[in-house]
Amino acid sequence: MWKLLKIELFKIFSRPRTFISFGAIAALVGIIQFGLKLDGDSYIEFMLRDVSVSLDVEGKVLNGYLICFIVLQLLLVHVPLLITIVAGDLISGEANMGTLRLLLTKPVSRTEVILAKFGAAAIYTLILLVWMAILALFVSLLIFGSGDMLNLKADYIVQLKSFDIMWRYLAAFGFAAIAMLTVAALGFFLSIFAENSIGPIVATMSIIIVCTILSTLDIPVFNAIKPFLFTTHMIGWKGFFDVRVTADNEAIIGSVQNLNRVLQAAGILVLHIIGFLVASIWVFKKKDILS
Amino acid sequence: MQPIIKVTNLSKHFKKLIAVNGLSFSVEKGDVYGFLGQNGAGKSTTIRMLLTLIEPTEGSIEIFGMELKKHRKEILRQVGAVIEKPDVYKYLSAVENLRLFSQISGGPSLNRSQLLDKLEMVGLQERADSPVKTFSQGMKQRLGVAIALVHDPQLIILDEPTNGLDPQGIADIRNLILRLSHAMGKTVVVSSHLLSEIELIANRLLIIDEGKKMVEGNAAELFDPANTIVELNTIDNKASLAAISDSSWQANLQPSRNNLIVLKMHRQQIPLFNRHLAEMQVDVISLQPRLSLEDYFLQVTTGKQHVEAFKD
């Protein structure tokens, strides 16, 4: 099993196209950082336009923590595509190349093949998120410095103390990892049915787009299904940036306003991952390899 | 002696299509077993069932005396295979591909020098570090064979191993198969739709058509050397035909469907006939025994792919 996992990782990281995702994230984060470095004050002014009349905001608002939050909001919607490019190709790409049949004539079980391939996709996803964290959080802190972070909600503002932020990002990236693994599991599951990688990639993205639209549509008839859509829970990472407050409206350090909801969302995503993985094993074990 | 492969009443249905229909055969240790049939006859489906790529609809497969379904891993550790095109990872080099598959083939782990020895066996040692995407089809085929042999398996299953090879490549693979069988005692199952290929290497044959066994047996028996067809081409075929018609070989003459002179004789008589031609001072361009098995093959298969336009 470990041998297979190492082989899968070797295959993933031997392909130049794997590094497109790393390049794309570096480019996108760089563009956002560059834009905010040049004209960040206008952006902050625009963000605070509704509250500036009643609230006097002082200090360094545009700091590395806020930049990371902005980057995550903008990019986590697009990262699934980069993950799907690899996860959707893992079985279908091998079927297309003709290597799947050679692989399956070796003394390894199909369950081991699935687990090793998904394990490799998971490691790729985690490395991609670590890369994103390095660029979005640590490089932003280097460029823009540190400070308290303002999190603008619809009808209130959360002010997070600078010393109370780093653990929230660690938790948020952990949650994002679960969300992205759900996408990887879906792409991987769909790749079992196809003999070229375009189909699963397009299908995965289509499902994500449709489910995201359903998750955000404010039409009562769709409300019943929203809790069951994984896309509803993919933005649960934001929950770590909401704090509980005292009677005097003071933020409680180290608190999360609705931790149960965040954990529930993570749990639902984990169930999706397990579901897709079990389905992948079940389908793949029964599949006749005709490619 | 227990057969290496024992297939009993094997069938595979794809919805309404019956790809393999009640097939039974056995392969003995040390055999070069030729698996013949036209395209679509069910050879690849059968081979894929032997390699657990396809689940049989019914029937049983025993390899090395063990039931394939129950002892899959144990059996596959001793099996090497090339299935149709030997596609490998094009973005990796030959030696990387070989190392990768050797790690999961169940054999001992090999160092670079041992991997290079395996590549040398198929004539690829010079290109060991070249990416496979730069390889010709023939080189990929050789690499596929090296991958099949990397863990020193007892049973080698080759599905159309000479597809896409040039004549030299075909001869090399043929010699390699013979060496594996004769010098190394391996059991080899080779499928092909080309009779000429199988005829030169197989000691036992199975001919299938529309998923059914048409005939199985010893290649020498099936060839029937007593009825070998010989085609003669000379500088002046008209004069040569007249000369043969006036000789004792007249009874051997057969109707010709082309400009060549056709005779039927026992294979052992061919050298005698050749001497006689020399005595008659016939200027021979070629004297070629036509594969008698080819006629047999076409006779037992339906010949459905031979549309009118391609008939002699």
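The values are calculated or read from the model by the stated rules, or taken from the named source; none is laboratory data. Here the structure is a predicted model, which means the values were calculated and not measured. For neighbour counting, all protein chains shown are included, and Cβ atoms are generated from backbone atoms with ideal geometry for every residue, glycine included.
Take the residues in segment B:24-40 that are closer than 18 Å to B:Gln154 by Cα and among the small types (Gly, Ala, Ser); name whichever of them is surrounded by the most Cβ atoms within 10 Å (Cβ to Cβ).
By that ranking, first place goes to B:Gly34.
Just for segment A:209-245: of the residues that are free of Cβ contacts under 8 Å to residues at least 24 places away in the same chain and part of a loop (DSSP other than H, G, I, E, B), which one is nearest to the chain's Cα centre (by Cα)?
Selected residue: A:Leu229.
If I filter segment A:77-91 down to residues being of a type outside the set (A, V, I, L, M, F, W, C) and not in a loop (DSSP other than H, G, I, E, B), which single residue comes out as farthest from A:Ile289 (Cα to Cα)?
Result: A:Pro80.
Among the residues of segment A:141-150, which ones are buried (at least 20 other Cβ atoms within 10 Å of the Cβ) and touching a strand residue (DSSP E or B) at 6+ places or on another chain (Cβ under 8 Å)?
Residues satisfying the conditions are A:Met149, A:Leu150.
Taking segment A:1-17, which residues are more than 8 Å from every other protein chain (Cβ to nearest Cβ) and not in a helix (DSSP H, G or I)?
Selection gives A:Met1, A:Arg17.
Can we say B:Leu110 is closer than 18 Å to A:Ile7 by Cβ, crowded, with 22+ Cβ neighbours inside 10 Å and either assigned by TED's automatic domain parsing to the domain that holds B:Gln78 or in contact with a strand residue (DSSP E or B) (Cβ under 7 Å, 6 or more places away or on another chain) (or both)?
no
Identify, please: which residue in segment A:104-140 is over 25 Å from A:Ala27 (Cβ atoms) and crowded, with 22+ Cβ neighbours inside 10 Å and is, among those, farthest from the other protein chains (Cβ to nearest Cβ)?
A:Phe118
Based on what the data block shows, is A:Asp248 free of Cβ contacts under 8 Å to residues at least 60 places away in the same chain and within 14 Å of chain B (Cβ to nearest Cβ)?
Spelling it out, it is not the case that A:Asp248 is free of Cβ contacts under 8 Å to residues at least 60 places away in the same chain and within 14 Å of chain B (Cβ to nearest Cβ).
Can you work out which of the residues in segment B:6-19 that are in contact (Cβ under 8 Å) with a residue 60 or more places away in the chain and touching a Gly at 6+ places or on another chain (Cβ under 7 Å) is farthest from B:Thr187 (Cα to Cα)?
B:Ile18
So, in segment B:80-102, of the ones that are more than 7 Å from every other protein chain (Cβ to nearest Cβ) and among the β-branched types (Val, Ile, Thr), which residue ends up farthest from A:Leu4 (Cα to Cα)?
That would be B:Val82.
If you check B:Gly22, B:Gly40, which single one turns out to be within 14 Å of chain A (Cβ to nearest Cβ), over 28 Å from B:His182 (Cβ atoms) and either within 24 Å of the chain's Cα centre (by Cα) or free of Cβ contacts under 8 Å to residues at least 24 places away in the same chain (or both)?
After ruling out the rest, the residue left standing is B:Gly40.
So which residues in segment B:80-107 are within 19 Å of A:Leu90 (Cβ to Cβ), touching a residue at least 12 places away in the same chain (Cβ under 8 Å) and buried (at least 21 other Cβ atoms within 10 Å of the Cβ), if there are any at all?
B:Val88, B:Tyr89, B:Asn97, B:Phe101
Look at B:Gly138 and say whether it is surrounded by fewer than 20 Cβ atoms within 10 Å (Cβ to Cβ), outside any helix (DSSP H, G or I) and at pLDDT below 85.
Considered against the rule, which asks whether it is surrounded by fewer than 20 Cβ atoms within 10 Å (Cβ to Cβ), outside any helix (DSSP H, G or I) and at pLDDT below 85, B:Gly138 comes out as no.
Determine whether B:Val230 is under 11 Å from the mean Cα position of the chain (by Cα) and at pLDDT 85 or above.
no
Looking only at segment B:46-79, filter to residues that are more than 9 Å from every other protein chain (Cβ to nearest Cβ) and in a helix (DSSP H, G or I); which one of those is nearest to B:Lys140 (Cα to Cα)?
That would be B:Ile47.
Just to be sure I understand, how many residues within segment A:251-267 are part of a helix (DSSP H, G or I) and of a type in the set (S, T, N, Q)?
2
Out of B:Ser196, B:Ser181, B:Ser191, B:Ser240, I need the residue that is in contact with a Phe, Trp or Tyr (Cβ under 6 Å, 6 or more places away or on another chain), in contact (Cβ under 8 Å) with a residue 24 or more places away in the chain and not in a loop (DSSP other than H, G, I, E, B). Which one?
B:Ser191
Does B:Lys311 fit the bill of being modelled with pLDDT under 85 and either closer than 17 Å to B:Gln38 by Cβ or surrounded by 13 or more Cβ atoms within 10 Å (Cβ to Cβ) (or both)?
Yes, satisfied.
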